[in-house]
Amino acid sequence: MNLNYTAEELAFRDEVRAFLDEKLPADIAAKVKGFRRLSKEDHQRWQKILNEQGWYATHWPEEYGGVNWSPVQKHIWDEESSRYGAPRSVPFGVNMVAPVIIKFGTEEQKQRYLPRILSGEDWWCQGYSEPGAGSDLASLKTRAVRDGDHYIVNGQKTWTTLGQHANMIFCLVRTNTEVKAQEGISFLLMDMDTPGITVRPIITLDGEHEVNEVFFEDVKVPVENLVGEEDKGWTYAKYLLTYERTGLAGIGISKAALQHLKELATRRIKNGRPLIEDASFSQRIARVEIDLMAAGISNLRIIASVEGGGMPGAESSMLKVRGTEIRQTINDLARRAIGPYAIPFVEEEMDLDYDGDFLSDENAAPVTPQYFNNRKLSIFGGSNEIQKNIVSKMILGL
Ligand SMILES: Cc1cc2nc3c(=O)[nH]c(=O)nc-3n(C[C@H](O)[C@H](O)[C@H](O)COP(=O)(O)OP(=O)(O)OC[C@H]3O[C@@H](n4cnc5c(N)ncnc54)[C@H](O)[C@@H]3O)c2cc1C
């Protein structure tokens, strides 16, 4: 395994840097670097720039408008774009439903949906989880009953991320109750404007509206919106999850968060000296930095093996657990760094153009919301306990 970049890879990195220098809007980068709120318009503006460059669909084959980068090129893009403060693409359309449509969809579905994902015309959300079906996803109950040329859908999805912005949702629905749970599930595409669909916000601990409940009441969905075969949706759902779990380790974002923590600890004064010079606090920062470096190397190891033709297996689960633990530790240290200012927080401070008084200072504004919001990291994309089950079975052979 060679962990050094080749001359071509270094040239690619220069190309990425030149593009980011020239095209990444400064106001969007300031929000990302300052961990502030991004609007729907911010995401769409950046998506348009990426699409014009031909760099939006990094997981698609070229024939559909994708980039077809090598695993190392994708890694370079992740590292550099995080370092520059580029927003991560909202994954539900481009990185989740699109690979499923490309692999299992009809020609009509490809023609219809893929160009609309690239152009940003469609904003997708993910309808997998239900109130009684999260880790045990196969127990989902949302029902789709065939009625001529349509399915009639009734049920509820939950935790639907950014569903308030979406005009399309992909859902797992139960089409057969007579067979084993995994065998009676289908994969349906739905227009969110269809009568009978209601979206209700869930406000999370940080006061933000990021997730939703989605209700379906006698929703009529054309049969041509079924992906693949009826009752075979579990296969497609699992295929999608391999894409969802890629990149959940968030090494690039953790590096940015660590930098933010160091700046914070440099400004805070403890016993007349910057907090970063405090022996015990700097030791904690050093420990998480070492963990992050080790996770970064593991990430490269997996990339090198994929580049050599291997498949990312249970190692992705290991990386998800370590990566999310590291991020939560950084958030925790940032919360400790600002001390009593972490207790109350002013939601409006999360807007970059906020012009009121800061409770502490501008740098501290996102610390508490981030701390609360990132509790989610060890839950979504398969909870860390579930990932540990996978590691114990597949790697440790227990
Ligand atoms: C912020 C956020 C955004 C999300 N966005 C989406 C979205 O856009 N679309 C979507 O479909 N879903 C989304 N989810 C849902 C997410 O996938 C589920 O929350 C997750 O799968 C866990 O399911 P659950 O919440 O039902 O918890 P449960 O499955 O009920 O788990 C509860 C606890 O028990 C543990 N546990 C469960 N089973 C086992 C086991 N076998 N062994 C050991 N421990 C176990 C879990 O680790 C957890 O700690 C989101 C969740 C969050 C928090």
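One table, with the values for the structure above:
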| quantity | calculated |
| --- | --- |
| Anisotropy class of region 5-110 from Cα gyration tensor, a/c 1.5 cut | oblate |
| 28 Å Cα-Cα threshold exceeded, pairs from LYS33/LYS110; LYS23/LYS255; LYS48/LYS74; LYS270/LYS320; LYS180/LYS220; LYS23/LYS74 | LYS33/LYS110; LYS270/LYS320 |
| Cut-off 9 Å between beta-carbons: net charge of the residues surrounding LEU20, Lys and Arg +1, Asp and Glu -1 | 0 |
| Formal net charge of residues neighbouring GLU277 (Cβ-Cβ distance under 15 Å; K, R +1; D, E -1) | +4 |
| Spin-label zone in region 226-241 - amide nitrogen under 20 Å from a point set 7 Å from the Cα of GLU178 along the C-beta vector | 229-234 |
| Percentage relative contact order, region 166-287, counting C-alpha pairs under 8 Å, at least six apart | 20 percent |
| Exposure ranking of ARG336, ARG116 by accessible area [1.4 Å probe, largest first] | ARG336, ARG116 |
| Local electrostatic count at ASN154 - Lys and Arg +1, Asp and Glu -1, tallied over other residues with Cβ under 14 Å | +2 |
| Sites matching GluC sites (Glu not before Pro) across region 108-202 that sit in DSSP coil, with at most 16 neighbouring C-beta atoms within 10 Å | GLU121, GLU178 |
| Stretch gain in nm, segment SER280-ARG375, where the contour uses 0.36 nm per residue and the Cα spacing is subtracted | 31.7 nm |
| Linear extension gain, ASP191 paired with GLU9, 0.36 nm per residue minus alpha-carbon span | 61.4 nm |
| 3J(HN,Hα) from dihedral phi, region 280-286, Karplus parametrisation 6.51/-1.76/1.60, rounded to Hz, x for glycine, proline | 6, 5, 5, 5, 5, 5, 4 |
| Cα→Cβ-extended label distance, 7 Å offset, between LYS141 and ALA29, nm | 5.1 nm |
| Residues ASP332 and ASN271, FRET efficiency given R0 of 30 Å [Cβ-Cβ distance, rounded to 0.05] | 0.90 |
| GLY228 long-range amide H proximity, modeled H, under 5 Å | THR106 |
| Karplus 3J(HN,Hα) series, Hz, for region 203-215 with 6.51 cos²θ - 1.76 cosθ + 1.60 (x for Gly, Pro) | 8, 8, 3, 8, x, 8, 9, 10, 10, 9, 9, 10, 10 |
| Region 316-371-region 202-274 distance, computed between alpha-carbon centres (Å) | 17 Å |
| Principal axis dimensions, region 68-214 - Cα atoms, whole angstrom, descending | 50, 42, 30 |
| Rough spin-label spacing in nm, given labels placed 7 Å along Cα→Cβ, for ASP357 and GLU121 | 5.2 nm |
| Rounded to whole Hz, the Karplus (6.51, -1.76, 1.60) HN-Hα couplings of region 6-11, x for glycine and proline | 7, 4, 5, 5, 5, 5 |
| Neighbour-limited loop hits for chymotrypsin sites (Phe, Trp or Tyr not before Pro), region 1-101 (at most 14 other Cβ within 10 Å; DSSP other than H, G, I, E, B) | TYR5 |
| Global form of the chain, assessed from the alpha-carbon gyration tensor, a/c cut-off 1.5 | prolate |
| Region 34-122, relative contact order in percent, only Cα pairs under 8 angstrom and at least six apart counted | 28 percent |
| List ILE386, ILE290, ILE28, ordered by accessible area with a 1.4 Å probe, largest first | ILE290, ILE386, ILE28 |
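The values are calculated or read from the model by the stated rules, or taken from the named source; none is laboratory data. Everything numeric here is computed off the predicted structure, so don't read it as measured data. So basically every Cβ, Gly included, is an ideal-geometry build from the backbone, and we count neighbours across all protein chains shown. We work out accessible area using only protein heavy atoms, side chains counted, and drop any ligands, DNA or RNA first. Shrake-Rupley method; radii C 1.70, N 1.55, O 1.52, S 1.80 Å.
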